[in-house]
Each structure stands twice: as structure tokens, then as C-alpha cells.
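The values are calculated or read from the model by the stated rules, or taken from the named source; none is laboratory data. Everything numeric in this text was worked out from a predicted model, so none of it was measured. So basically every Cβ, Gly included, is an ideal-geometry build from the backbone, and we count neighbours across all protein chains shown. For the accessible areas, the whole protein counts, side chains as well, though only heavy atoms, and no ligand, DNA or RNA atoms are used. Shrake-Rupley method; radii C 1.70, N 1.55, O 1.52, S 1.80 Å.
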Amino acid sequence: MDLRGVIILVVEICLTISVNANLVFQVERRDLQWNSSLTEIISHDVRRRGRFLSAVDLNLGGNGLPTNTGLYFTKLEIGSPPKDYYVQVDTGSDILWVNCVNCINCPKRSSIGIELTLYDPKDSKTSDLVYCDQEFCTSTYDGPIPGCKSDTQCPYSITYGDGSATKGYYVKDNLTFNRVYGNLHTTPQNSSIIFGCGAVQSGTLGSSSDQALDGIIGFGQANSSVLSQLAASGKVKKIFSHCLDNIRGGGIFAIGEVVEPKVKTTPLVPKMAHYNVVLKDIEVDGYILQLPTDIFDSGNGKGTIIDSGTTLAYLPSMVYDQILTKVLAQHSGLKLYLVEQQFTCFQYTGNVDSGFPVVKFHFEDSLSLNVYPHDYLFTYKDDIRCVGWQKSVAQTKDGKDMTLLGDLVLSNKLVVYDLENMAIGWTDYNCSSSIKVKDASTGVIHTVGAHDISSASTFVFGRILTFTFLLTTILKSLTN
């Protein structure tokens, strides 16, 4: 993986809903040429870890700030008549929110080539305010909000780990989707969703942000997420998957049950703010690392976090040291040096997959994650290779080092998030090929390909990554 040109991903959504339908959207990939330093990768991941730490105790969660690197965003159409809004996609946060009119400190322009739009409920014929006595508000806050009267708008407020914050109130309005007929032919259709209307922004969410967006859409586990709202109506299943190809630039994203390829899963740790799993041990070249039995303990915010929004992989110091020693054991003559005081690098002209071992992570229920040398050794320049593993600097509340596995280990794998059964799984896969998904109401198997749908995008950021949603049950009532 050459990190000089694969960091910023730009996502454009074309969502589609129908009775027993597929939901399809397309994703563009923006390549960032490294005029700046590798430090930007660490900077991005540090900000994201800060969001993890702050989000653990927040009812609404909250993470996924737009940053200098590793940026995902999607285009949504909201309101009647619909207008375009560009929001960051984040699997860790739990609500959709967009900046609204009369917003204090909202950004007015962005450096990533998009036109920002402020949402105005008065401009939409289908908008409604959400009040404190309504079920969505009381369930989101686990009961009535003290001092919030029935005629008061339901508020939201999220503070992120780096001090940035957003607050405003909830509204209800239509999202415009493209309904799929047969062979991926589409027609517009609407669905009513509750989301946040941003009134005050601060920090990197404010007007000073160079890579500003209109908001954030969360794919987290809370009932306030768009996915959870659709699932609560009994019309969709809370199962989604992604497959990102960091070699050819293709990819797949699907909501629904994947029937091919078969994917083995491991349980998600319950009552966690993020996708935490139980890591049992790590194997390098057939050798199981000798580690304390509690180093990957999953209690009280510990455990291993799976997060595709993080670029690298962060390990406790003891784990990092042992992995690095074993990985380099066959090359005692290599001269190691640091690049930018953070990356261990060396000169190597051979094939890394032939010269270095596979690292295997073993999880609960006998699920393994294979990380190949071409994944964890990236080309810095010419024949200089750098190690993608990093020592964790983030800790849980009781002082344990956090284990965080990002794109370094998740690329070129189909990753399935099964929230119906509280499990997550993956398998090595060609992400530029196709998968098969099942419509739960009809039993019909659909083939979803990475490049089945041509791009209608006007972006000029690079190669196209097609994301496909499959809705597995009847969606007719979503337009009510």
C-alpha cells in the first residue's frame, strides 16, 4: 500500500429504495499526492482516537470530524424540493446532522471542491420540527430532558475529543433516494428521516475549517442513526458491509445479508460505543506472541476497536515491539531508521510478500484476520519501505493501551457488520469483483458488483468506488 496517494476518499451517494429493492450509491476516490508529510496520517488518526475517548460517555456518541487526511463524504438530497448536502460518512457516530440557516460559526466554503449549502426548514414543504415530548426525543435521551417543555424543540449537542462541538435541534424531513427497478434502473423516491439541524459550530467544525462539509452522517449503533430509524420501522435489517480495494480503487458497500462469499463472524462486545471485539492472540510466522492474558481485555472500554476511518493500526507497546521483532527477524542486516520521528523504515528492493511473514490476529469464535506484508509495509519513496504498525498513545479510562485496527488491516477484505446478531466478520476478497446478497422478504439472490453502475458524478477527484445498499425487506411505507 503506497500511502503517498491513497489517503483521501471522497464519497458520493445515490441512494435508492423500493419494495424488495436494492439501494445503490456510488463512491469516488480522491488520491492525495504527498506534498506534505507522513505526519498527516498520524495527525488524522490521533484526532479520530480523541473522538473515541470522548464518545464513550456521550448518549449520542459523536466522532468523525473532517480532517486533513482520510476524509469520506457523501452527497445526500434533503427536503422538498430537494437540495444537495455533502456530509462525512462515519461508522462511529450515531446521527445525521447538517448546518442550518442562521448558524453561528458555520463554514461558508470548503477546500475540497464542493459548494456548501445551509439547510432551511422553512424552504422545505415536508419539514417538521421535533419537540421535547415526542417519542424520538425522549427515547434518544432515555427519558424526558429536564426543563425541556412540550413546546420546545428537541436539542442535540455533541462535543468531540479535540474540543470541537456542534449543537442545534432535531427536524424531520425527506431524503430523496433513487428507487431501483430490475437491472439497476432507478427513479426518485422519498423517505422521512429525523436529523440534526446545526445551529452552532466550533473548532474544526466551524468557519475556520479548510476541508469543511455540510455535516456528518453516522452509521453507528444508536437508535438515532438513519440506519436504526429505517430498521425500527421493520423495513430494513441492520446489516451492512464494505469492501475497499486499495490496489485498483474499486469497492463495494451493501446493506443486507451477504450470501456469497461466506463470512465467518466474531461477537461484538455489548454496550460499547464503537465496534469492539475480543482479540485472543497474535501470530507471526507461526509463532504466537507471548503476551499478558489481560492485554486485550474487553471490559470497561477496553478490547480491540475495528474502524475503517482510521488509516493505520495502533497496538500496545509490548505488542508492537514483539511484532516488529518477529517481522524483521529474517533480515537482521537491515538498517532501520525513523522517518519524521514516527515511522520505522528501511531500504528493501525485493518482493515484500516473499521476504516477510503474514501477521494473524485471532479473535473470539476462531475468527482470524490475516495481514499481509504488502498491507503493513508501505512504500515511502523509491525502494524505501516503512512499517505501518504504530505504538498506541491512546488509553482506556483505567490506563490500558488501546488496540485500534484501521485501514492498514481492513483493506482488500469484505467486512460485514451484523447488528441484528451483534457480530462482525471479514474475509479476504477481491473488492473489484462482486458479492451476492439476499432479499429477506423474497429470498431472491442479487449480484452486486463494484463497477456495475456507471458514475454520474461531476467530481474530478479520481477513480470511482461503487457502493451498493441492498434493502432486504419491504420499504413501501417509508414514503408515508
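Among the criteria (1) at pLDDT 85 or above; (2) open to solvent by 40 Å² or more (accessible area, probe 1.4 Å); (3) touching a Phe, Trp or Tyr at 6+ places or on another chain (Cβ under 9 Å), the one Val200 does not fulfil is (3). Filtering Gly168, Gly161 for residues that are among the small types (Gly, Ala, Ser), surrounded by 15 or more Cβ atoms within 10 Å (Cβ to Cβ) and at pLDDT 85 or above leaves a single hit, Gly168. Which pairs have Cβ atoms under 6 Å, sit 6 or more apart or on different chains, and link a residue in region 268-280 that is aliphatic (A, V, I, L, M) and open to solvent by less than 40 Å² (accessible area, probe 1.4 Å) to one that is modelled with pLDDT under 90 and assigned to a loop (DSSP other than H, G, I, E, B)? So the pair list comes out as Val269/Ser298; Val269/Gly303; Ala273/Val56; Ala273/Gly61; Val278/Ser298; Leu279/Phe296.
Got a sec? Which of Thr344, Thr311, Thr293 is assigned by the TED database to the domain that holds Met422 and out of contact with any helix residue (DSSP H, G or I) (no Cβ under 9 Å at 6 or more places or on another chain)?
Thr293
Contact map, region 329-351: first residue modelled with pLDDT under 90, second residue open to solvent by less than 70 Å² (accessible area, probe 1.4 Å) and assigned to a loop (DSSP other than H, G, I, E, B), Cβ cut-off under 6 Å, separation 6 or more or different chains; pairs are Glu340/Ser37; Glu340/Leu38; Phe343/Leu38. Region 219-272 holds strands (runs of 3 or more DSSP E) entirely within its bounds, and those carrying 1 or more residues that are at pLDDT 85 or above and not aliphatic (A, V, I, L, M) map to 257-260, 265-267.
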